[in-house]
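Beneath this line is the structure, given in structure tokens, with notes to follow.
The values are calculated or read from the model by the stated rules, or taken from the named source; none is laboratory data. All figures in this text were calculated on a predicted structure; none of them were measured in a lab. Glycine also receives a Cβ, built like all others from the backbone with ideal geometry; neighbour counts cover every protein chain displayed. We work out accessible area using only protein heavy atoms, side chains counted, and drop any ligands, DNA or RNA first. Shrake-Rupley method; radii C 1.70, N 1.55, O 1.52, S 1.80 Å.
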Amino acid sequence: MTKDRIKEGIIAVLPIVIGYFPIAMAFGLLSKNTDVTFRNTSLLSVMVYAGASQFMALDLIRAGVSAGSIILATFLLNLRHMMMSASLAVEFQDMNKKFLPIVAFGITDETFSVISFNKDKIDLPFVLTINILAYSSWALGTIAGYLVGEILPASLQSSLSIGLYAMFAALLFPEIKKSKNILFLSIISAVVYVILFYSKIFTSGWDIILGIIISSSIGVVIFRKNEEE
Amino acid sequence: MKSYLPLIIGMTLVTYLPRLIPLALLNNRNINKSLKEFLLYIPYTSLSILIIRGILTAADGMKIVTVIGVGIAAIISYIKGNLVLSVLAGIILSFLTINTLV
């Protein structure tokens with residue numbers, strides 16, 4: 001039984017493992033070029049484990065921004081995981097509480113997406129398999145990038161990183177096919193985000209958080225109305 | 001060179017705590033119906049936003065490539081519903097597009 005869950009986890013996490021490795025390599029390489037030591041580069045991926053934040057931190061280190069400001073920016077960028085974690089809490093209610101601190105560490109945009117779109121399969125072995133393999137890919141990719149990053153052609157790195165967005169689309173579109181509500185929800189989210197993005201009132205990180213809150217709220221209001229009619 | 005350790009520890013905390021706190025607090029509790037609906041919509045809204053954001057924030061030359069990669073994955077997954085096949089097609093088509101267009 002557990003074996004089956006692990007096997008299903010491996011299949012579900014495969015696109016993430018394939019997608020993370022080259023991005024982590026790019027991070028390792030960029031970190032090396034920013035004169036961050038091998039130890040600190042590895043620690044960033046092993047301890048922080050947040051791709052967008054790590055790239056942003058390198059940018060800010062280069063610009064000479066203080067550690068406090070980098071931490072604040074990281075906090076804002078990662079607040080979106082608060083909503084993802086809250087969303088998963090609904091699905092994880094039967095899970096052994098002891099493992100929640102470990103499971104929580106592995107929540108990223110990608111693992112959240114894959115886990116929440118496999119609701120019928122959620123249990124500890126499935127979730128842990130996904131988290132551990134995604135994390136290993138990120139950590140090992142970073143180390144590989146620092147050590148031998150120069151050998152991977154840039155065009156291959158770019159196309160592999162587009163794979164993550166392809167995965168997001170491949171998770172979303174079968175759901176859109178199943179339900180008109182989800183189609184509306186996706187269109188609303190896209191429109192809301194485009195408006196937030198071009199209004200440039202909110203910095204990166206906040207615009208994601210607000211976009212999720214606004215469009216999910218619109219969903220609650222609109223679909224409630226439909227039910228009443 | 002100055003030490004990056006305080007920075008790394010700070011970044012670790014502000015990354016980990018938002019991932020942990022809702023999971024620890026909301027677990028095994030009765031949640032208000034509207035809040036539950038709100039939380040259930042998050043996978044769809046956040047995914048849509050991450051896709052759009054990926055396209056909007058791609059470097060100028062990469063915008064078309066990203067749209068093509070995401071587009072083919074969307075089409076194949078819509079028809080076939082196969083995740084790995086869709087992602088691989090997205091990657092391969094992106095790679096071919098980069099090498100012909102950019």
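None of A:Met84, A:Met47 is under 30 Å from A:Asp123 (Cα atoms), facing chain B (nearest Cβ under 10 Å) and open to solvent by 10 Å² or more (accessible area, probe 1.4 Å) except A:Met47.
Filtering segment A:138-157 for residues that are over 24 Å from A:Phe75 (Cβ atoms), assigned to a loop (DSSP other than H, G, I, E, B) and facing chain B (nearest Cβ under 9 Å) leaves an empty set.
When segment A:57-75 is filtered for residues that are touching a residue at least 24 places away in the same chain (Cβ under 8 Å), open to solvent by 20 Å² or more (accessible area, probe 1.4 Å) and more than 9 Å from chain B (Cβ to nearest Cβ), the ones remaining, listed by number, are A:Arg62, A:Ala73.
A:Ala52 meets the conditions (1) under 12 Å from B:Leu20 (Cα atoms); (2) under 14 Å from the mean Cα position of the chain (by Cα); (3) more than 7 Å from chain B (Cβ to nearest Cβ) in every case but one. The failed one is (1). Those residues that are in contact (Cβ under 8 Å) with a residue 12 or more places away in the chain, surrounded by fewer than 16 Cβ atoms within 10 Å (Cβ to Cβ), at the interface with chain B (Cβ under 9 Å from one of its Cβ atoms) and assigned to a helix (DSSP H, G or I), I need them from segment A:183-229; list them, please. The answer is A:Phe223, and nothing else. Residues in segment B:83-101 that are exposed (fewer than 15 other Cβ atoms within 10 Å of the Cβ), at the interface with chain A (Cβ under 8 Å from one of its Cβ atoms) and not β-branched (Val, Ile, Thr): 1 in all. Could you tell me whether A:Val114 is under 27 Å from A:Gly211 (Cα atoms), more than 7 Å from chain B (Cβ to nearest Cβ) and open to solvent by less than 40 Å² (accessible area, probe 1.4 Å)? For A:Val114, the condition - under 27 Å from A:Gly211 (Cα atoms), more than 7 Å from chain B (Cβ to nearest Cβ) and open to solvent by less than 40 Å² (accessible area, probe 1.4 Å) - is met. Residues that are touching a residue at least 24 places away in the same chain (Cβ under 8 Å) and of a type in the set (S, T, N, Q) were ranked within segment A:87-102; the one that is least open to solvent (accessible area, probe 1.4 Å) is A:Ser87. Please work out which residue is farthest from the chain's Cα centre (by Cα), limiting yourself to segment A:26-41 and to residues that are facing chain B (nearest Cβ under 10 Å) and within 12 Å of A:Ile143 (Cβ to Cβ). The extreme case among them is A:Arg39.
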